[in-house]
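First comes the structure, then the notes that go with it.
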Amino acid sequence: MIHFKPSEIAQIAMKIEKNGLAFYEALAKRTREGETKTLFSFMAKEEAAHYATFEKFSDKFADYEIPAGFEDDYEEYVQDLVNSNVFAGDINAAELAGKVNSPLEAIDLALNFEKDSIVFFGLFRNLVLPEEKFAVDELINEEYKHIKMLLQIKKNITETREEFYITKGDWDSERQ
């Protein structure tokens, strides 16, 4: 029995984008390094634009039902995706950003957020009408671009291959 409607999933996506916006804005305020600060400011603007896109989807899909052919475990799958995305919950994104100790740690957290968004948007893409898929594809492509940008900045601020490939938290525990 399916309880999620596409409009509800769009609402969840809006929440993810809103929390992402707050997170990136807080990081931009805390970051002093020019290139990283510029990136976080850019990412905040992108999240605001994504929010507006999902807001349109939410309004458009108010009476739209889940397409036939989805498995019985669809609702559990959606719930698991929501539960695994840090920005889908009721969090204080600015407070989360305040706990970040370095630009590298912020980038690693942002990379995870962007990857989670791609997975969530991929699910959403399966729910929209065929003529709407292009809009979701554009959002997914933007997330890939964000990942590429984050990886480039990470490459610029790391000194070794190990530091680049091991997340900041794991790197610290490995050194001790």
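None of the figures in this text is laboratory data; all of them are computed from the coordinates on show. In this text, all values refer to a predicted model and were calculated from it rather than measured experimentally. Note that we place each Cβ from the backbone using ideal geometry, even for glycine, and neighbour counts take in every protein chain shown.
Taking the fewest neighbouring Cβ atoms within 10 Å as the starting point, the ordered list for Phe23, Phe134 is Phe134, Phe23. Put in line by how crowded their Cβ is, counting other Cβ atoms within 10 Å and starting with the fewest, Ile91, Ile9, Ile147 read Ile91, Ile147, Ile9. In terms of surrounding Cβ atoms within a 10 Å radius of their Cβ, Lys154, Lys18 rank from fewest to most as Lys18, Lys154.
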